Amino acid sequence: MANFRDKRTGINHNYSGKTYKRLVMPPQVDVVLVFRATPTKPTTLSKEQVRQNAAKAERQYTALIDTLTRAGLKAVGRRGENQDQLLVLVTCPHDILVKLVHCERHSDFLYGLPMSKLPSAETDLDTAPLSTADRIRLVHAYITSTPQDGGLGIIPECKEWDLVSSVMVLHDHEFNDHWIRLWTRHRIASVQLEKIRDQFGDSVALYFFFLTAYTRALIFPAGLGVAFYFFGTPYSALYSSLLLVWSIVFVEWWRLQERILSVRWCTRGSFRVEKRRADYIPSFPWWKKETRKMASVPVILLFASVLAVVLTGIFVLEAFVTQLYKGPGHRIVAFSPTLLFMALVPKLLEMYKTHAKRFTDWENHAHQSSHASSLSTKVFTLSAMNAYLGLALSAFVYVPFGESVMHFVQYHLFSSGAHHAAAILERLNINFNETVKFGSGGGRGEKVVEKVTAHSLFEADRANARRKLNPSRLQEQMFAFTVTNQVVNNFMEIGLPYVLRAVESFRAGKGFRNGNGKGGKKKRVAFEDEPTGQGQDARTKEEREFLETVRSEVSLPEYEVFEDYGEMVTQFGYVALWSTIWPLAPVMALLNNYIEARSDAFKIAVHTRRPIPVRTDTIGPWLESLSFLTWLSALTNSALVYLFRPPDHVHGEMTTVMNTEGDRLPEHSGYNGIAATKELLISALLIALLASHAFLLLRTAVRRILELAIWRGSKEMKEAEQVEREIKEKYLEQCSTGAAEGEAVKREPVIQDKEDWSSFWTVDEGLEEIQKSVKDV
């Protein structure tokens with residue numbers, strides 16, 4: 001075990017593996033504010049507009065530095081990646097940090113959050129030292145919170161600070177190196193999630209805790225899947241029932257695990273002390289807020305209907321029309337559904353996400369947690385529809401009624417569709433107007449010109465059309481969703497950012513950069529007046545390297561935990577809803593998650609900015625999404641078993657046959673046409689309804705059993721019940737001893753600026769850069 005000392009907070013951490021030491025430690029930078037020196041490109045503005053923008057930037061930059069320094073923070077400006085960008089580096093002195101800690105712990109006490117010691121106790125910071133994430137969270141909240149919540153009100157893109165584009169924090173590359181090595185070289189259980197929480201906060205730690213728990217839980221359905229795939233019968237009722245029980249147990253177990261973690265991490269009820277959003281209107285009537293929430297429902301339904309129509313149309317085109325088409329370029333036409341999907345669906349989802357964000361902003365949420373929960377629910381609704389609708393159409397339309405739909409499509413193609421297609425082809429080039437055949441009579445090759453007809457463009461024979469139906473379509477789709485798509489997603493997360501940054505870097509003439517401030521050789525960004533000599537005012541090599549690291553991290557995108565949760569919840573839906581079709585789906589999910597945990601860690605450490613730590617006690621709306629998918633799995637699994645169980649278990653099985661008389665409607669053996677279809681659908685609906693009621697009873701029983709087995713009598717339950725009484729008793733005891741409320745408290749020592757960096761905080765380049773833009777004009 002190697003002892004690693006955090007360079008930002010001075011806190012010791014233990015890691016297995018090699019310890020990396022730097023000869024010169026970088027300066028203590030808690031937060032970086034990205035400031036735009038010019039709102040727009042100077043080439044599009046006149047000289048007078050450039051001067052006005054420069055004057056505005058100078059006023060706002062001066063106000064920014066004054067606001068930070070008057071609050072007791074140290075702030076200094078440095079050049080960014082280009083001359084239109086400034087980086088304001090901020091550090092929080094120890095005395096200000098102590099005040100922030102006391103303010104938060106007083107707030108926690110007032111609102112009843114669990115605490116191990118009183119805010120005013122002198123031993124607070126010694127017995128419970130700040131982690132890196134807590135320090136960053138306190139400083140970031142102090143800068144970005146509204147003045148009503150005790151903050152400075154420096155909120156990016158707001159009216160007063162419209163030139164502040166973002167507020168970010170820097171990566172700890174030494175920790176990242178150790179973290180990646182642990183994920184890549186050791187088994188998943190060896191990673192200590194508490195250390196992730198110390199670095200990235202509760203939100204990221206809770207995601208990795210959920211990912212680890214979910215991955216371990218997949219071992220049971222993966223074992224079931226292997227057993228039933230090789231030794232069981234297809235669409236087994238026993239497998240579906242066990243899968244449903246597993247999904248209910250996992251969701252309810254995680255609900256309790258969340259509660260236990262919130263008590264253990266002292267974050268239970270953290271939403272009560274959450275800072276308010278900048279655009280929140282306090283005097284807003286409750287009925288207006290609820291009306292605005294309801295106003296988004298028609299918009300969601302509109303986009304959902306459009307998406308359903310588009311996906312259904314692409315499904316019919318891919319499953320039936322392209323299979324029947326045999327005209328010119330039929331092999332190329334087979335790719336048209338994929339091209340349509342790529343052209344329409346992502347744009348539609350992006351458009352919907354933009355409108356969903358606007359509606360969520362309009363709803364006037366007081367806190368960021370409720371805002372994120374509402375937005376996540378809206379966005380995931382259509383994402384789930386996009387993920388599962390194709391399988392639902394194949395399972396409940398294509399497989400049971402494929403022949404009927406195929407004959408229905410044939411009827412409409414030959415009655416009207418093919419005539420329109422033939423008319424279009426006749427207006428095209430002559431090569432598409434004629435079909436050329438070479439006869440064999442007498443050994444002579446004769447060119448026979450035939451008029452394009454419906455029968456020459458589409459398959460007319462019903463027997464041939466029936467053979468074009470793919471009986472293994474469901475299994476192929478499940479393989480594509482659980483294997484191919486996840487491989488592509490991993491490449492999009494890990495490989496594609498390297499490619500995009502390499503292209504962008506070469507376009508800018510900087511050579512390849514890996515984006516995390518470390519790596520191979522790169523062309524350094526230099527400015528004309530930047531000192532390069534060895535004189536007294538020259539930048540040291542260490543300072544230049546540090547600033548290059550900062551600039552490279554500024555260019556990275558922000559990390560969104562929403563995307564990672566969305567992937568896992570969608571995957572859970574594939575396992576719970578559809579693995580009855582292909583029992584090996586849980587095995588593929590288990591293998592993918594083994595890689596996913598490492599790829600997510602690598603993405604955070606290399607491809608995105610450092611996440612801003614957030615206090616939270618839950619995974620938010622994703623728990624309700626898991627619960628909903630579990631309920632939905634009761635319906636889908638029961639319907640799948642009823643429709644597709646082996647024939648020897650089905651009495652009066654429905655099969656479609658071709659009518660040799662040429663009728664356009666299929667006949668059914670054992671039933672009479674439409675009546676058979678109606679009876680089948682009603683039976684499936686009744687079975688699904690029965691399964692839904694059984695799910696509710698089973699979930700109630702499982703929740704009660706887990707509550708008694710895991711929560712009742714646990715250490716966390718006792719702590720949660722006694723915390724309010726204990727902190728009040730200790731508070732009264734502290735008051736009786738005359739402890740001063742604002743007394744200074746010592747903590748784990750924070751590494752102060754060394755003599756080598758004493759001049760770093762005295763050189764500000766912000767105003768000089770703004771004034772230079774006017775001189776250049």
Requested in this report: Go through segment 287-406 and tell me which helices (runs of 4 or more DSSP H), entirely inside it, have 1 or more residues that are buried (at least 17 other Cβ atoms within 10 Å of the Cβ) and in contact (Cβ under 8 Å) with a residue 40 or more places away in the chain.
Outcome: 336-362, 368-393
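Quickly run through segment 604-618 and pick out the residues that are outside any loop (DSSP other than H, G, I, E, B) and out of contact with any Leu (no Cβ under 8 Å at 6 or more places or on another chain).
Once the filter is applied, which keeps residues that are outside any loop (DSSP other than H, G, I, E, B) and out of contact with any Leu (no Cβ under 8 Å at 6 or more places or on another chain), segment 604-618 yields Ile604, Ala605, Val606.
One line per residue, one yes/no per condition, for (1) closer than 30 Å to Ile710 by Cβ; (2) assigned by TED's automatic domain parsing to the domain that holds Leu110; (3) β-branched (Val, Ile, Thr):
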| site | (1), (2), (3) |
| --- | --- |
| Arg255 | yes, no, no |
| Arg259 | yes, no, no |
| Val263 | yes, no, yes |
| Cys266 | yes, no, no |
| Leu301 | no, no, no |
| Lys326 | no, no, no |
| Pro337 | no, no, no |
Query raised in the report: Of all helices (runs of 4 or more DSSP H) completely enclosed by segment 462-539, which ones contain at least 1 residues that are modelled with pLDDT of 65 or more and acidic (Asp, Glu)?
Result: 473-479, 485-507
Query raised in the report: Looking at segment 90-130, which of the residues that are among the small types (Gly, Ala, Ser) and out of contact with any Asp or Glu (no Cβ under 7 Å at 6 or more places or on another chain) is modelled with the lowest pLDDT?
Result: Ala121
Query raised in the report: Can you name the helices (runs of 4 or more DSSP H) wholly within segment 541-603 that have at least 3 residues being in the same structural domain as Phe209 (by TED's automatic domain parsing) and buried (at least 22 other Cβ atoms within 10 Å of the Cβ)?
Result: 561-578, 585-602
Requested in this report: Would you mind stating whether Glu563 is within 30 Å of Ala392 (Cβ to Cβ) and out of contact with any helix residue (DSSP H, G or I) (no Cβ under 6 Å at 6 or more places or on another chain)?
Outcome: yes
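The values are calculated or read from the model by the stated rules, or taken from the named source; none is laboratory data. Because the structure is predicted, anything quoted here is derived from the model rather than measured. Note that we place each Cβ from the backbone using ideal geometry, even for glycine, and neighbour counts take in every protein chain shown.
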